[in-house]
Amino acid sequence: MMRKQRDLTTDRPHEIEPVSRRSLIAASGGLAGSLIAGQAFGESLADVPPREVGADLGARSERSKFVKIGRIPEAGPGKRNVDPSDAINSKVPLHKLFGSITPTDLHYERSHSGAPDLDPAKHRLLLHGMARKQLVFSVDDLQSMPSMSRAAFIECTGNGWENWHKADENLTVQNTHGLVSTNEWTGVPLKFLVDLVGKDKNSTWMLAEGGDAAGVARSIPLTDEILNEAFVAYGQNGEPLRPAHGFPMRLVMPGFEGNLNIKWLRRLKFGDQPWMTRWETARYTQLHADGKATQFQLRMDTNSVIASPSGTMTIKPGYQRITGLAWSGHGSITRVEVSTDGAKTWMNAQLNRPALPKAQVRFQMDWVWDGKPTNIVSRSTDDKGNVQPTRKSFIAAVGTNALFHYNAQQTWSIDKNGKVRNVLD
(Lines give C-alpha, C1' and ligand atoms only; values in the text may rest on other atoms or scores of the structure.)
Protein backbone atom coordinates (compact mmCIF):
# COMPACT_ATOMS: atom_id res chain seq x y z
CA MET A 1 0.00 0.00 0.00
CA MET A 2 1.33 3.40 -0.96
CA ARG A 3 1.21 6.36 1.42
CA LYS A 4 1.67 10.05 0.74
CA GLN A 5 4.25 12.21 2.40
CA ARG A 6 4.71 15.96 1.98
CA ASP A 7 7.99 17.20 0.58
CA LEU A 8 9.07 19.89 3.08
CA THR A 9 11.23 21.64 0.50
CA THR A 10 8.76 21.91 -2.40
CA ASP A 11 5.57 21.56 -0.32
CA ARG A 12 4.35 18.96 -2.84
CA PRO A 13 3.13 15.55 -1.71
CA HIS A 14 4.81 12.51 -3.20
CA GLU A 15 4.20 8.82 -2.82
CA ILE A 16 6.63 6.53 -1.10
CA GLU A 17 6.41 2.86 -0.33
CA PRO A 18 7.01 1.80 3.28
CA VAL A 19 9.99 -0.54 3.40
CA SER A 20 10.80 -2.68 6.41
CA ARG A 21 14.21 -4.04 7.34
CA ARG A 22 12.90 -7.54 6.58
CA SER A 23 11.85 -6.58 3.06
CA LEU A 24 15.14 -4.79 2.47
CA ILE A 25 17.13 -7.87 3.40
CA ALA A 26 14.86 -10.01 1.25
CA ALA A 27 15.26 -7.61 -1.66
CA SER A 28 19.01 -7.81 -1.38
CA GLY A 29 18.94 -11.57 -1.83
CA GLY A 30 19.42 -12.17 1.84
CA LEU A 31 22.77 -10.44 1.74
CA ALA A 32 22.77 -9.27 5.35
CA GLY A 33 21.48 -12.60 6.58
CA SER A 34 23.96 -14.60 4.55
CA LEU A 35 26.86 -12.52 5.78
CA ILE A 36 25.96 -13.44 9.34
CA ALA A 37 24.42 -16.90 9.12
CA GLY A 38 26.75 -18.11 6.39
CA GLN A 39 29.79 -17.40 8.47
CA ALA A 40 28.23 -18.69 11.67
CA PHE A 41 27.28 -22.07 10.21
CA GLY A 42 29.84 -22.41 7.45
CA GLU A 43 33.06 -22.15 9.39
CA SER A 44 34.70 -24.63 11.73
CA LEU A 45 35.00 -23.98 15.44
CA ALA A 46 38.71 -24.46 14.87
CA ASP A 47 38.71 -21.00 13.27
CA VAL A 48 37.63 -19.33 16.51
CA PRO A 49 40.65 -17.33 17.71
CA PRO A 50 42.49 -18.59 20.79
CA ARG A 51 42.54 -16.76 24.10
CA GLU A 52 45.39 -14.32 24.56
CA VAL A 53 47.26 -13.00 27.58
CA GLY A 54 46.45 -9.36 28.18
CA ALA A 55 48.69 -6.37 28.87
CA ASP A 56 49.33 -5.06 32.35
CA LEU A 57 46.98 -2.46 33.75
CA GLY A 58 48.07 1.12 33.19
CA ALA A 59 47.28 4.67 34.22
CA ARG A 60 44.81 5.00 31.34
CA SER A 61 43.31 2.90 28.57
CA GLU A 62 44.79 3.40 25.12
CA ARG A 63 43.13 2.69 21.78
CA SER A 64 43.86 -0.61 20.09
CA LYS A 65 46.88 -0.62 17.81
CA PHE A 66 44.47 -1.75 15.09
CA VAL A 67 42.38 1.44 15.34
CA LYS A 68 43.72 4.23 13.13
CA ILE A 69 41.79 7.40 13.88
CA GLY A 70 42.68 11.04 14.19
CA ARG A 71 41.89 14.62 13.30
CA ILE A 72 43.26 16.45 10.24
CA PRO A 73 44.75 19.98 10.37
CA GLU A 74 43.46 22.75 8.12
CA ALA A 75 44.62 26.31 7.42
CA GLY A 76 41.36 27.55 5.85
CA PRO A 77 38.94 26.62 3.03
CA GLY A 78 40.77 24.36 0.60
CA LYS A 79 43.97 24.44 2.67
CA ARG A 80 43.89 20.90 3.99
CA ASN A 81 46.38 18.49 5.55
CA VAL A 82 48.86 21.27 6.27
CA ASP A 83 51.69 21.28 8.78
CA PRO A 84 50.15 21.56 12.27
CA SER A 85 52.18 24.74 12.90
CA ASP A 86 50.27 26.41 10.05
CA ALA A 87 46.84 25.07 10.99
CA ILE A 88 44.01 27.15 12.44
CA ASN A 89 41.78 24.17 13.19
CA SER A 90 41.65 20.38 13.16
CA LYS A 91 38.67 18.34 12.01
CA VAL A 92 36.82 15.36 13.49
CA PRO A 93 36.79 11.98 11.65
CA LEU A 94 32.96 11.75 11.62
CA HIS A 95 33.04 8.72 9.31
CA LYS A 96 34.93 6.67 11.92
CA LEU A 97 32.83 7.48 14.98
CA PHE A 98 29.78 5.82 16.53
CA GLY A 99 26.92 7.28 18.53
CA SER A 100 26.63 11.02 19.12
CA ILE A 101 29.33 11.82 21.71
CA THR A 102 32.73 12.82 20.30
CA PRO A 103 35.77 11.32 22.09
CA THR A 104 37.49 14.08 24.07
CA ASP A 105 40.78 13.85 22.21
CA LEU A 106 38.99 13.97 18.84
CA HIS A 107 36.75 16.97 19.57
CA TYR A 108 37.43 19.50 16.82
CA GLU A 109 39.92 22.24 17.68
CA ARG A 110 39.95 25.89 16.63
CA SER A 111 42.38 28.40 18.08
CA HIS A 112 43.71 31.82 17.07
CA SER A 113 47.07 31.62 18.83
CA GLY A 114 47.56 28.01 19.89
CA ALA A 115 46.32 26.29 23.05
CA PRO A 116 47.89 27.55 26.29
CA ASP A 117 48.22 25.09 29.17
CA LEU A 118 47.29 27.35 32.08
CA ASP A 119 48.13 26.64 35.72
CA PRO A 120 44.75 26.14 37.45
CA ALA A 121 46.23 27.20 40.79
CA LYS A 122 46.99 30.65 39.35
CA HIS A 123 44.09 31.13 36.94
CA ARG A 124 41.22 33.41 37.96
CA LEU A 125 37.82 34.48 36.60
CA LEU A 126 36.87 38.14 37.05
CA LEU A 127 33.20 39.19 37.08
CA HIS A 128 32.66 42.96 36.96
CA GLY A 129 30.96 45.85 35.20
CA MET A 130 27.34 46.83 35.77
CA ALA A 131 26.81 44.80 38.93
CA ARG A 132 26.59 45.36 42.69
CA LYS A 133 29.76 43.33 43.36
CA GLN A 134 33.04 42.82 41.55
CA LEU A 135 34.16 39.24 42.26
CA VAL A 136 37.13 37.04 41.40
CA PHE A 137 36.85 33.24 41.43
CA SER A 138 39.48 30.53 41.39
CA VAL A 139 38.99 27.11 39.81
CA ASP A 140 38.49 25.66 43.30
CA ASP A 141 35.79 28.28 43.93
CA LEU A 142 33.88 27.20 40.84
CA GLN A 143 34.20 23.53 41.65
CA SER A 144 32.71 24.14 45.10
CA MET A 145 29.57 25.75 43.62
CA PRO A 146 26.37 23.99 42.49
CA SER A 147 27.10 22.30 39.17
CA MET A 148 25.26 21.02 36.13
CA SER A 149 26.13 18.58 33.35
CA ARG A 150 24.78 18.75 29.85
CA ALA A 151 25.49 17.20 26.47
CA ALA A 152 25.81 19.98 23.90
CA PHE A 153 27.35 20.39 20.48
CA ILE A 154 29.87 23.11 19.71
CA GLU A 155 30.25 24.04 16.04
CA CYS A 156 32.72 26.34 14.32
CA THR A 157 30.95 28.93 12.18
CA GLY A 158 33.21 27.83 9.32
CA ASN A 159 31.85 24.26 9.30
CA GLY A 160 30.88 23.45 5.71
CA TRP A 161 32.83 26.30 4.13
CA GLU A 162 34.45 23.85 1.67
CA ASN A 163 31.22 23.79 -0.38
CA TRP A 164 30.46 27.51 -0.61
CA HIS A 165 31.57 27.93 -4.22
CA LYS A 166 32.37 24.53 -5.72
CA ALA A 167 32.45 20.84 -4.86
CA ASP A 168 35.82 19.14 -4.66
CA GLU A 169 34.92 15.53 -5.43
CA ASN A 170 37.81 14.23 -3.32
CA LEU A 171 36.50 15.59 -0.02
CA THR A 172 35.54 13.30 2.85
CA VAL A 173 32.87 14.06 5.43
CA GLN A 174 35.77 14.92 7.75
CA ASN A 175 36.72 17.68 5.30
CA THR A 176 33.21 19.02 4.77
CA HIS A 177 31.68 18.73 8.28
CA GLY A 178 34.50 18.00 10.72
CA LEU A 179 34.17 21.25 12.69
CA VAL A 180 31.35 20.12 15.00
CA SER A 181 31.48 17.92 18.09
CA THR A 182 29.24 16.91 20.99
CA ASN A 183 30.56 16.40 24.51
CA GLU A 184 29.11 16.24 28.00
CA TRP A 185 30.15 19.44 29.78
CA THR A 186 30.09 20.08 33.54
CA GLY A 187 30.23 23.44 35.26
CA VAL A 188 28.47 26.30 37.04
CA PRO A 189 25.27 27.81 35.58
CA LEU A 190 25.82 31.36 34.34
CA LYS A 191 22.65 32.47 36.12
CA PHE A 192 24.13 31.38 39.47
CA LEU A 193 27.21 33.55 38.88
CA VAL A 194 25.07 36.48 37.68
CA ASP A 195 23.04 36.30 40.86
CA LEU A 196 26.20 36.24 42.99
CA VAL A 197 27.46 39.53 41.56
CA GLY A 198 24.00 41.11 41.44
CA LYS A 199 23.88 42.13 37.78
CA ASP A 200 22.24 45.50 37.17
CA LYS A 201 18.78 45.10 35.63
CA ASN A 202 19.82 47.50 32.86
CA SER A 203 22.77 45.30 31.92
CA THR A 204 21.65 43.43 28.81
CA TRP A 205 25.06 42.42 27.42
CA MET A 206 28.08 40.48 28.66
CA LEU A 207 31.66 40.55 27.41
CA ALA A 208 33.38 37.15 27.62
CA GLU A 209 37.17 37.24 27.28
CA GLY A 210 39.68 34.41 26.98
CA GLY A 211 43.16 34.07 28.40
CA ASP A 212 44.88 33.09 25.14
CA ALA A 213 47.48 35.33 23.50
CA ALA A 214 44.96 36.43 20.86
CA GLY A 215 42.65 37.80 23.54
CA VAL A 216 39.49 36.51 21.91
CA ALA A 217 36.50 38.39 23.35
CA ARG A 218 32.84 38.37 22.34
CA SER A 219 29.79 40.42 23.25
CA ILE A 220 26.87 38.21 24.26
CA PRO A 221 23.25 39.36 24.64
CA LEU A 222 21.84 38.32 28.01
CA THR A 223 18.55 36.88 26.77
CA ASP A 224 16.48 34.62 29.01
CA GLU A 225 17.55 31.64 26.90
CA ILE A 226 21.25 32.38 27.35
CA LEU A 227 20.94 33.18 31.06
CA ASN A 228 19.10 29.90 31.63
CA GLU A 229 21.32 27.65 29.49
CA ALA A 230 24.89 29.00 29.41
CA PHE A 231 27.43 27.86 31.99
CA VAL A 232 31.09 28.09 32.90
CA ALA A 233 32.51 24.61 32.38
CA TYR A 234 35.51 22.96 34.00
CA GLY A 235 34.60 19.37 33.08
CA GLN A 236 34.51 17.58 29.73
CA ASN A 237 33.26 14.01 29.35
CA GLY A 238 33.81 13.31 33.03
CA GLU A 239 37.34 14.74 33.32
CA PRO A 240 38.90 18.22 33.50
CA LEU A 241 38.82 20.19 30.26
CA ARG A 242 41.70 19.49 27.90
CA PRO A 243 43.98 22.52 27.19
CA ALA A 244 42.85 22.57 23.56
CA HIS A 245 39.28 23.01 24.76
CA GLY A 246 39.75 25.70 27.36
CA PHE A 247 41.40 24.27 30.49
CA PRO A 248 40.90 25.20 33.24
CA MET A 249 37.54 26.87 32.44
CA ARG A 250 35.49 27.89 29.44
CA LEU A 251 32.11 29.33 28.61
CA VAL A 252 29.62 26.87 27.10
CA MET A 253 26.79 28.38 25.06
CA PRO A 254 24.54 25.52 23.86
CA GLY A 255 23.35 26.10 20.30
CA PHE A 256 25.41 29.21 19.62
CA GLU A 257 28.50 29.96 17.53
CA GLY A 258 31.62 28.06 18.51
CA ASN A 259 33.60 31.27 19.00
CA LEU A 260 31.11 32.44 21.65
CA ASN A 261 32.09 29.44 23.78
CA ILE A 262 35.14 31.34 25.01
CA LYS A 263 38.03 29.08 26.05
CA TRP A 264 40.52 29.79 28.84
CA LEU A 265 37.87 32.12 30.26
CA ARG A 266 39.31 34.95 32.38
CA ARG A 267 36.69 37.71 32.42
CA LEU A 268 32.93 38.34 32.26
CA LYS A 269 31.96 42.01 32.13
CA PHE A 270 28.35 43.22 32.24
CA GLY A 271 27.10 46.27 30.32
CA ASP A 272 24.19 47.80 28.47
CA GLN A 273 25.55 47.52 24.92
CA PRO A 274 27.91 45.33 22.85
CA TRP A 275 31.65 46.11 22.99
CA MET A 276 32.17 45.80 19.21
CA THR A 277 35.43 43.88 19.52
CA ARG A 278 37.37 43.01 16.40
CA TRP A 279 36.04 39.45 16.72
CA GLU A 280 32.51 40.72 15.98
CA THR A 281 33.39 43.46 13.49
CA ALA A 282 36.33 42.38 11.34
CA ARG A 283 36.23 38.62 11.90
CA TYR A 284 32.91 36.88 12.56
CA THR A 285 30.57 38.89 10.36
CA GLN A 286 28.59 37.62 7.36
CA LEU A 287 29.07 39.44 4.05
CA HIS A 288 26.00 39.39 1.80
CA ALA A 289 25.63 39.68 -1.97
CA ASP A 290 24.75 43.39 -1.73
CA GLY A 291 27.96 44.17 0.17
CA LYS A 292 26.27 44.62 3.55
CA ALA A 293 27.39 42.54 6.50
CA THR A 294 25.42 40.87 9.29
CA GLN A 295 26.74 41.09 12.84
CA PHE A 296 25.77 38.95 15.80
CA GLN A 297 24.43 36.05 13.75
CA LEU A 298 24.91 33.97 16.85
CA ARG A 299 22.78 30.82 16.56
CA MET A 300 23.82 27.70 14.66
CA ASP A 301 21.07 26.44 12.37
CA THR A 302 19.49 23.06 11.68
CA ASN A 303 21.93 20.71 10.00
CA SER A 304 22.69 17.08 9.13
CA VAL A 305 25.14 15.00 7.13
CA ILE A 306 25.41 11.38 6.03
CA ALA A 307 28.68 10.05 7.42
CA SER A 308 28.48 6.63 5.76
CA PRO A 309 28.54 6.08 2.88
CA SER A 310 30.29 9.38 2.24
CA GLY A 311 33.08 11.00 0.24
CA THR A 312 35.91 8.78 -1.11
CA MET A 313 34.32 5.56 0.19
CA THR A 314 33.52 2.69 -2.16
CA ILE A 315 30.42 0.51 -1.73
CA LYS A 316 29.13 -2.65 -3.41
CA PRO A 317 25.61 -3.36 -4.70
CA GLY A 318 23.25 -4.77 -2.09
CA TYR A 319 22.35 -4.01 1.48
CA GLN A 320 23.75 -0.78 2.97
CA ARG A 321 23.36 0.90 6.33
CA ILE A 322 23.13 4.67 5.87
CA THR A 323 24.11 6.56 9.01
CA GLY A 324 24.96 10.12 9.97
CA LEU A 325 24.47 12.96 12.44
CA ALA A 326 21.95 15.79 12.82
CA TRP A 327 21.90 18.82 15.13
CA SER A 328 20.23 22.20 15.64
CA GLY A 329 20.99 25.30 17.68
CA HIS A 330 17.26 25.92 17.97
CA GLY A 331 16.45 22.78 19.96
CA SER A 332 16.01 19.03 19.43
CA ILE A 333 16.06 17.15 16.14
CA THR A 334 12.67 15.50 15.64
CA ARG A 335 13.08 14.12 12.15
CA VAL A 336 15.75 13.21 9.62
CA GLU A 337 14.83 12.20 6.09
CA VAL A 338 17.12 10.50 3.62
CA SER A 339 16.79 10.42 -0.16
CA THR A 340 18.60 7.78 -2.21
CA ASP A 341 17.38 9.08 -5.59
CA GLY A 342 18.73 12.60 -5.69
CA ALA A 343 16.02 14.27 -3.55
CA LYS A 344 13.12 13.01 -5.66
CA THR A 345 11.62 10.99 -2.80
CA TRP A 346 12.37 10.87 0.91
CA MET A 347 12.20 8.26 3.66
CA ASN A 348 12.27 8.82 7.41
CA ALA A 349 15.46 7.66 9.09
CA GLN A 350 15.59 6.18 12.58
CA LEU A 351 16.89 8.47 15.32
CA ASN A 352 19.07 6.90 17.99
CA ARG A 353 17.54 8.07 21.25
CA PRO A 354 17.84 10.22 23.21
CA ALA A 355 17.60 13.15 20.80
CA LEU A 356 18.71 15.85 23.23
CA PRO A 357 18.23 19.59 22.69
CA LYS A 358 21.20 21.35 21.10
CA ALA A 359 23.15 18.10 20.86
CA GLN A 360 23.97 15.87 17.92
CA VAL A 361 21.82 12.79 17.34
CA ARG A 362 22.76 9.74 15.29
CA PHE A 363 20.38 8.66 12.50
CA GLN A 364 20.37 5.48 10.43
CA MET A 365 18.40 3.84 7.63
CA ASP A 366 18.45 0.55 5.69
CA TRP A 367 19.00 0.74 1.95
CA VAL A 368 19.57 -1.71 -0.88
CA TRP A 369 21.70 -0.20 -3.61
CA ASP A 370 20.86 -1.59 -7.05
CA GLY A 371 24.27 -0.74 -8.50
CA LYS A 372 23.01 2.19 -10.60
CA PRO A 373 24.49 5.71 -10.28
CA THR A 374 22.55 7.89 -7.84
CA ASN A 375 22.82 10.68 -5.28
CA ILE A 376 22.12 10.37 -1.56
CA VAL A 377 21.29 13.28 0.75
CA SER A 378 19.80 13.95 4.19
CA ARG A 379 17.70 16.77 5.61
CA SER A 380 16.80 17.41 9.24
CA THR A 381 13.89 19.07 11.03
CA ASP A 382 13.95 20.37 14.61
CA ASP A 383 11.24 20.83 17.22
CA LYS A 384 10.80 24.48 16.24
CA GLY A 385 9.88 23.47 12.69
CA ASN A 386 13.17 24.53 11.10
CA VAL A 387 14.04 22.43 8.05
CA GLN A 388 17.56 22.13 6.67
CA PRO A 389 17.58 23.99 3.32
CA THR A 390 18.67 22.78 -0.09
CA ARG A 391 21.89 24.30 -1.33
CA LYS A 392 20.00 26.15 -4.07
CA SER A 393 17.63 27.84 -1.63
CA PHE A 394 20.46 28.53 0.82
CA ILE A 395 22.64 30.28 -1.77
CA ALA A 396 19.61 32.21 -3.06
CA ALA A 397 19.06 33.58 0.43
CA VAL A 398 22.66 34.15 1.53
CA GLY A 399 24.74 34.50 -1.62
CA THR A 400 28.32 33.37 -2.13
CA ASN A 401 30.22 36.24 -0.48
CA ALA A 402 29.61 34.79 2.96
CA LEU A 403 31.83 32.27 4.70
CA PHE A 404 30.06 31.25 7.91
CA HIS A 405 26.92 29.36 8.99
CA TYR A 406 26.73 27.03 5.99
CA ASN A 407 23.99 24.47 6.72
CA ALA A 408 22.78 23.40 3.27
CA GLN A 409 21.95 19.76 2.57
CA GLN A 410 25.03 17.66 1.78
CA THR A 411 24.82 15.50 -1.34
CA TRP A 412 27.03 12.49 -2.08
CA SER A 413 27.09 10.94 -5.57
CA ILE A 414 27.61 7.22 -6.16
CA ASP A 415 28.82 6.09 -9.58
CA LYS A 416 28.37 2.68 -11.24
CA ASN A 417 31.55 1.43 -9.59
CA GLY A 418 30.32 2.36 -6.12
CA LYS A 419 32.68 5.30 -5.70
CA VAL A 420 31.21 7.97 -3.41
CA ARG A 421 32.04 11.61 -4.17
CA ASN A 422 31.19 15.08 -2.91
CA VAL A 423 28.85 17.00 -5.25
CA LEU A 424 26.66 20.09 -5.18
CA ASP A 425 22.94 19.48 -5.78
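The values are calculated or read from the model by the stated rules, or taken from the named source; none is laboratory data. As the structure is a prediction and not an experimental result, all values here were calculated from the model. Reconstructed Cβ throughout: ideal geometry from the backbone, glycine too, with neighbour counts over all protein chains shown. Side chains are part of the model used for accessible areas, which takes the heavy atoms of the whole protein and leaves out ligands, DNA and RNA. Shrake-Rupley method; radii C 1.70, N 1.55, O 1.52, S 1.80 Å.
Here are the numbers for this structure:
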item	result
Solvent-accessible heavy-atom area per residue, rounded to whole Å², over the range 228-319 at 1.4 Å	37 Å²
Separation between Cα centres of the range 161-229 and the range 91-121, rounded to whole Å	15 Å
Helical mean residue ellipticity (222 nm; -39500 (n - 2.57) per DSSP H run of 4+; nearest 500) of the chain	-2500 deg cm²/dmol
Cα convex hull of the range 339-425 - mean projected area over all directions, nm²	6.9 nm²
Cα-based equivalent ellipsoid of the range 278-410: semi-axis lengths in Å, sorted from largest, via gyration tensor	30, 18, 12
Other-chain or far-sequence residues with amide H under 5 Å of ARG267's (modelled H)	LEU126, GLU209
Prolate/oblate/rounded call for the range 251-308, Cα gyration tensor, a/c under 1.5 rounded	oblate
Histogram of C-alpha separations across the range 64-162, 10 Å bin width, %	11, 30, 30, 22, 6, 1
Modelled FRET efficiency - R0 30 Å, VAL67 with HIS112, Cβ distances, 0.05 increments	0.45
15 Å reach of a label modelled at ARG278, 7 Å along Cα-to-Cβ, counting backbone N of the range 89-125	112-114
Percent accessible area from carbon and sulfur atoms, the chain, protein chains only, probe 1.4 Å	52 percent
Value in Å of the Kirkwood radius, where the chain supplies the Cα pairs that are averaged	23.4 Å
Mean Cβ count within 10 Å, highest first, over the residues of peptides 367-376, 211-220	211-220, 367-376
For peptides 63-73, 329-339, 409-419, sequence by mean Cβ density within 10 Å, most packed first	329-339, 409-419, 63-73
Zone residues, the range 277-295, relative to ASN401, backbone N less than 14 Å from point 7 Å out along Cα-to-Cβ	285-295
Accessible area of the range 325-425 divided out per residue, in Å², using a probe of 1.4 angstrom	38 Å²
Proximal lysines to LYS122, defined as alpha-carbon separation beneath 28 angstrom and excluding residues fewer than eight positions away on the same chain	LYS133, LYS191, LYS199, LYS263, LYS269
Per residue, in Å², the accessible surface of the range 135-204 once ligands and nucleic acids are set aside, probe 1.4 Å	37 Å²
Sequence of ARG242, ARG150 from largest to smallest accessible area, 1.4 Å probe	ARG242, ARG150
Accessible heavy-atom area order of GLU225, GLU209, highest first, probe of 1.4 Å	GLU225, GLU209
Lysines with Cα under 27 Å of LYS166, excluding same-chain neighbours fewer than 8 positions away	LYS79, LYS91, LYS96, LYS292, LYS344, LYS372, LYS392, LYS416, LYS419
Cα-Cα P(r), the range 109-216, percent of pairs per 10 Å interval	11, 28, 34, 17, 9, 1
Evaluated over the range 156-281, the Cα radius of gyration and Dmax, each in Å	16.2, 55
Where N is the number of residues in the range 214-345, Cα Rg divided by 2.2 N^0.38 Å	1.38
